Amino acid sequence: MKRIGRIVSNYTNFVCAIIAVQIFIKKKSIMNPKGVIIHPSPYPVKETIDRLVTFLQQHGATIYARINQQDELQKTGQKIPPLEFLLFGNPKAGGPIMIENPVAALDLPLKVIAWEDGQRNVYVAYNEQQYIEERYSLLHKENSPLNLGNLIAMVLKPGSFT
């Protein structure tokens, strides 16, 4: 009887371990989706997006939409931590991409989101340049408007601009 108890206990531990690994893998894939770059932000969500808007406007970009997803969901009785979406672009810079492949307009204008997780950490996410280039068979260009890495780094760096 003790042997059966040990077998059941070992089996239970094994199943729990498998479930824990599956949860870890699922959480890791949620926070690391293919083609998406995620950076922590030292600022609250609103300030993160405010800084992006200011920087983009100072550099000639057009802000097409800014959506406070938290407010929108609240209108339907749903609750989430702060989450904002920003849609922006520069037709002069993005135009050649759409000329090269009009279907790339599905990912243009560019998008960035900032959100707060359950531990009050704030993150910024955007599509990876290489992912968009591969998705639409675009030529790789170092100074492509699809490359948001330097822009995001500058905006998130404390004291980098006002």
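None of the figures in this text is laboratory data; all of them are computed from the coordinates on show. On a predicted model such as this, the values are computed, not experimentally measured, just so you know. Note that each Cβ is placed from the backbone with ideal geometry, even for glycine, and that neighbours are counted across all protein chains shown.
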Computed E for Q57/N32 - FRET, C-beta separation, R0 25 angstrom, nearest 0.05 = 0.25
Identify the trypsin sites (Lys or Arg not before Pro) of region 30-83 meeting these criteria: DSSP loop state and at most 10 other C-beta atoms within 10 Å of the C-beta.
-> K34, K75, K79
With Cβ to Cβ distances under 14 Å as the rule, what net charge do the other residues near L138 carry (K, R +1; D, E -1)?
-> -4
For N143 and K157, calculate 0.36 nm times their separation in residues minus their Cα-Cα distance, and state this gained length in nm to one decimal.
-> 3.0 nm
For D50 and I99, compute 0.36 nm times the residue count separating them, minus their Cα-Cα distance, and round to one decimal in nm.
-> 14.5 nm
Among chymotrypsin sites (Phe, Trp or Tyr not before Pro) in region 121-162, those in a DSSP loop whose Cβ has at most 14 other Cβ atoms within 10 Å are F161
Neighbours of A104 by Cβ distance under 15 Å: Lys/Arg at +1, Asp/Glu at -1, summed charge -2
Within region 118-159, DSSP-loop trypsin sites (Lys or Arg not before Pro) with at most 10 other C-beta atoms within 10 Å are R120
So, over other residues within a Cβ distance under 11 Å of P42, counting Lys, Arg +1 and Asp, Glu -1, the net charge is +1
Equivalent ellipsoid semi-axes - Cα gyration tensor, region 72-136, angstrom | 30, 13, 10
Positive dipole terminus of region 35-156, leading residue within N150, G60, I38 (C-beta point charges) = G60
Contour minus end-to-end for K75 and N90, with contour as 0.36 nm per residue of separation and end-to-end as the Cα-Cα distance?
-> 2.2 nm
Could I have the simple spin-label model distance between D117 and N68, label points 7 Å from Cα toward Cβ, reported in nm to one decimal?
-> 2.5 nm
